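Please read the structure below before turning to the comments.
The values are calculated or read from the model by the stated rules, or taken from the named source; none is laboratory data. Predicted, not measured: the structure shown is a model, and the values here were computed from it. For neighbour counting, all protein chains shown are included, and Cβ atoms are generated from backbone atoms with ideal geometry for every residue, glycine included.
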Amino acid sequence: MKNLLLTTAMAFAMITPVYAAGTHEGGHGHEKAEAGHGHAEMAAGMPGKADDVSRTIDVTMRETDDGTMIFEPASFDFEQGETIRFNVTNMGEIEHEFVIDDVAGNAKHKEMMAAMDMEHDDPNSVRLDEGKSGEVIWTFSNAGTFEFACLIPGHYESGMHGPITVSETQASAETVLAQADVEYTKGTIKKVDAEGGKVTINHGPLVNLDMPAMTMVFRADEAMLAKMSEGQEIEFVAEPVKGKLTVTQLK
């Protein structure tokens, strides 16, 4: 059985010649470091912290009698913001790996691995010999459809991949809808008082506040004021904050 599986996988792998060997460390735009630190966020999310894990899922990797290679479960559904611990066990007879990425990212790295015999060493993956176990802790910070896969040459083609669906949380959806309903007002900045935390704007009607066009002084936080300069044409949203008219959004 093991020889049959190796022969099948090698048949796929030989489509592209092997040029070199190495460890694929940081190949997904990450630097290997403590989980949750020092990693750029990927489309599929980012490394999670053990303290933030909301649930743990057991994943097995194995081969079937007909030579197919599979993950169990075959798909996942999460909510945006969830941090998941994947307990991964290789119950097969040959080496396998578990990699999280989007479909395009997996396709790119599958091609790289077909051209070069290398091993992933990234926080979004774990590679295991037969009978071994490991884990991946991952935060799904973005909504969308992603993929988990084994990118060892020939394994993906033998069935080792599945979808990850991350649904937008209700709070995120409500925020998007609220932002879509906001009506921006056009104006010209007359004066910026960074020290006083104020900005003077000659503006059109403030529809959300039922106020006519005029020149007014608004409050603004430091980050907002840093984007402003005298004479600048802007579109903004002003709202009462602690009894003071405050610029809350700017574009």
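Across region 124-160, which residue is surrounded by the most Cβ atoms within 10 Å (Cβ to Cβ) among those that are closer than 18 Å to Phe78 by Cα and in contact with a Lys or Arg (Cβ under 7 Å, 6 or more places away or on another chain)?
Result: Ile137.
If Ser141 meets every condition in (1) under 17 Å from the mean Cα position of the chain (by Cα); (2) part of a strand (DSSP E or B) apart from one, which number is that one?
Here Ser141 clears every test but (2).
Anything in region 218-238 that is of a type in the set (A, V, I, L, M) and surrounded by 15 or more Cβ atoms within 10 Å (Cβ to Cβ)? List them, or say none.
Just the residues of region 218-238 that are of a type in the set (A, V, I, L, M), to begin with: 220, 223-226, 228, 234, 237-238.
Of everything in region 218-238, those that are of a type in the set (A, V, I, L, M) and surrounded by 15 or more Cβ atoms within 10 Å (Cβ to Cβ) turn out to be Ala220, Met224, Leu225, Met228, Ile234, Val237, Ala238.
Among the numbered criteria (1) closer than 25 Å to Gly144 by Cα; (2) buried (at least 19 other Cβ atoms within 10 Å of the Cβ), which one does Ala104 miss?
Exception for Ala104: condition (2).
Out of everything in region 78-101 that is part of a strand (DSSP E or B) and over 16 Å from the mean Cα position of the chain (by Cα), what residue ends up being surrounded by the fewest Cβ atoms within 10 Å (Cβ to Cβ)?
In this case the residue turns out to be Asn87.
Are there strands (runs of 3 or more DSSP E) fully within region 150-251 with at least 2 residues that are under 36 Å from the mean Cα position of the chain (by Cα) and modelled with pLDDT of 90 or more? List them.
On the way: elements: 161-167, 185-193, 198-203, 214-219, 233-241, 244-250.
Those strands (runs of 3 or more DSSP E) span 161-167, 185-193, 233-241, 244-250.
Name every residue in region 57-69 that is buried (at least 18 other Cβ atoms within 10 Å of the Cβ) and either hydroxyl-bearing (Ser, Thr, Tyr) or over 21 Å from the mean Cα position of the chain (by Cα) (or both), in order of residue number. Let's see the steps before the verdict.
Step one: filter region 57-69 for residues buried (at least 18 other Cβ atoms within 10 Å of the Cβ), giving 59, 61-63, 69.
Scanning region 57-69 gives Met61, Arg62, Glu63, Met69.
Consider region 58-76. How many of its residues are hydrophobic (A, V, I, L, M, F, W, C) and part of a loop (DSSP other than H, G, I, E, B)?
The total comes to 1.
Go over the candidates Glu63, Glu31 one by one and state the one that is closer than 28 Å to Glu111 by Cβ and at pLDDT below 50. It would help to see each step written out before you state the result.
Details: Glu63 fails: at pLDDT below 50.
Being closer than 28 Å to Glu111 by Cβ and at pLDDT below 50 holds for just one of Glu63, Glu31, which is Glu31.
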